[in-house]
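The values are calculated or read from the model by the stated rules, or taken from the named source; none is laboratory data. What you see is a predicted model, and the numbers here were worked out from it, not measured in a lab. A quick note on method: Cβ atoms are made from the backbone with ideal geometry, for glycine too, and the neighbour counts reach across all protein chains shown.
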Amino acid sequence: MKFGPVALAEAHGAVLAHSLQLGGHRLRKGRVLEEGDVTAMAAAGMVEVTVARLGPGDLAENEAAARIAAAMAPDPGAAGLRLTGASTGRVNVYAGTPGVLVLDVAAIEAANRIDPMITIATLPPFARTRARGLVATVKIIAYGVAGAAVERAATLVRDAILVRPVEISDAVLIQTDTGTGTGKGEIAVRGRLETLGIALTEVVNVPHRTGPLARAVAVAEAGLVLILTASATSDPADVAPAAVRAAGGEVTRFGMPVDPGNLLFLGRQGGRPVIGLPGCARSPALNGADWVLERVACGLQVSDEDIAGMGVGGLLKESPARPCPREQNG
């Protein structure tokens, strides 16, 4: 692509690089100049204009952006996405449903290395999505780019983005009481679930002992069991993990390198997931439990490796619910 000032006689059919105000008429940048445009510029006393002109094999910005976006989501509806039309070299990608964003990170990064004029920006992997929320944008920076580079990028990013929708419809919250009450966790937990479109169908309060908690887990009727203990779960053999095992379930992970959220545990019982919430889940502030809950709600397996990988970027801001701040004055 050639870019720069040219005489008006050479401007017809080129792309206007900068918007112009000609009397009461405005020519917007990116416009392919017609004979009438050139005549108006001459009448305004102009003798040259800055333009871009595509070379052999180049693609215009809109066509290039549209091709890459279409490759990323060949069937947007099936991928839980909506693509806009291309404008000013940009195609925006929106979520069609609540869920989490699943990306082929390596493919997108490789496509972004092909040509600086080709850019793909997304939310982070596994970011929570909402219906009609922006999740990605494809932007061609220049007015044109080599078609070969576009084809390489499109090949790399094919099917590289989708929204995994929420698969669980209901949940039970089981809270324990040490004799001083269960705390105020229900409101925050209900809010988290409502954001995902999950109904909190029952809240059960039991003494903070393994037996009563195990019985409550065993009889819970929902696709997801959440446990919030009055006393922090500080060991894999503590009351709540022991209760899950006593109810015929298993604990697949205890602890996570996200702060706040360290004391989360994850397991299964009766074929459905069980999440032992950390105490910070009583606050609506972001914590490690959100990252696990969102993936579990969307039917994604959360492995030890997944949780271990949350540590980088897992130092979250101070939760108002945390009684002992990590950093003290003085």
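Summary table below
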{"item": "Residue check, Gly276 farther than 26 Å from Val163 by Cβ, in contact with an Asp or Glu (Cβ under 7 Å, 6 or more places away or on another chain) and not in a helix (DSSP H, G or I)", "result": "no"}
{"item": "Among the candidates Arg128, Arg113, Arg90, residue that is on the phi < 0 side of the Ramachandran plot, among the basic types (Lys, Arg) and touching a residue at least 60 places away in the same chain (Cβ under 8 Å)", "result": "Arg128"}
{"item": "Residue within segment 227-250 that is buried (at least 17 other Cβ atoms within 10 Å of the Cβ), polar (S, T, N, Q) and either modelled with pLDDT of 95 or more or farther than 24 Å from Arg128 by Cα (or both) present", "result": "yes"}
{"item": "Subset of segment 160-176 [farther than 15 Å from Val100 by Cβ and either free of Cβ contacts under 8 Å to residues at least 40 places away in the same chain or surrounded by fewer than 17 Cβ atoms within 10 Å (Cβ to Cβ) (or both)]", "result": "Ser169, Asp170"}
{"item": "Residue match in segment 284-299 (condition: closer than 16 Å to Val225 by Cα, within 21 Å of the chain's Cα centre (by Cα), outside any helix (DSSP H, G or I) and in the same structural domain as Glu194 (by TED's automatic domain parsing))", "result": "yes"}
{"item": "Within segment 51-99, considering residues that are of a type in the set (Ser, Thr, Tyr) and in contact with a strand residue (DSSP E or B) (Cβ under 9 Å, 6 or more places away or on another chain), the one farthest from Leu33 (Cα to Cα)", "result": "Thr97"}
{"item": "Residue in segment 94-109 that is over 30 Å from Asp306 (Cα atoms), outside the structural domain of Gly197 (by TED's automatic domain parsing) and not acidic (Asp, Glu) present", "result": "no"}
{"item": "Filtered residue count, segment 183-200, keeping only those that are modelled with pLDDT under 95 and crowded, with 19+ Cβ neighbours inside 10 Å", "result": "1"}
{"item": "Test result for Gly55, more than 30 Å from Asp290 (Cα to Cα), among the small types (Gly, Ala, Ser), without any contact (Cβ under 8 Å) to a residue 24 or more places away in the chain and part of a loop (DSSP other than H, G, I, E, B)", "result": "no"}
{"item": "Residues satisfying the stated conditions in segment 7-31, i.e. surrounded by 16 or more Cβ atoms within 10 Å (Cβ to Cβ) and not in a loop (DSSP other than H, G, I, E, B)", "result": "Leu8, Val15, Leu16, Leu20, Leu27"}
{"item": "Close pairs (7 angstrom Cβ cut-off, 6 or more residues apart or separate chains): assigned by TED's automatic domain parsing to the domain that holds Ala86 and in contact (Cβ under 8 Å) with a residue 40 or more places away in the chain in segment 143-154, of a type in the set (Lys, Arg) and assigned to a helix (DSSP H, G or I) anywhere", "result": "Val150/Arg67; Ala154/Arg67"}
{"item": "Sole exception among (1) part of a helix (DSSP H, G or I); (2) closer than 25 Å to Ala95 by Cα for Ala148, by number", "result": "(2)"}
{"item": "Selection from segment 108-141 of residues that are buried (at least 20 other Cβ atoms within 10 Å of the Cβ) and either aliphatic (A, V, I, L, M) or modelled with pLDDT under 95 (or both)", "result": "Ile108, Ala111, Ile118, Ile120, Val135, Ala136, Val138, Ile140"}
{"item": "Residue in segment 201-214 that is outside any strand (DSSP E or B) and at pLDDT below 95 present", "result": "no"}
{"item": "Single residue of Ala79, Ala64 found to be within 28 Å of Ala136 (Cα to Cα), at pLDDT 95 or above and part of a loop (DSSP other than H, G, I, E, B)", "result": "Ala79"}
{"item": "Qualifying positions in segment 41-75 - more than 34 Å from the chain's Cα centre (by Cα) and surrounded by fewer than 17 Cβ atoms within 10 Å (Cβ to Cβ)", "result": "Ala42, Ala43, Ala44, Gly45, Met46, Val47, Glu48, Thr50, Gly55, Pro56, Gly57"}
{"item": "Residue list for segment 162-215, filter: among the charged types (D, E, K, R) and over 31 Å from the mean Cα position of the chain (by Cα)", "result": "Asp177, Arg209, Arg215"}
{"item": "Residue list for segment 76-102, filter: under 20 Å from Pro124 (Cα atoms) and either surrounded by 21 or more Cβ atoms within 10 Å (Cβ to Cβ) or small (Gly, Ala, Ser) (or both)", "result": "Ala79, Gly80, Leu81, Val91, Val93, Ala95, Gly96, Pro98, Gly99, Val100, Leu101"}
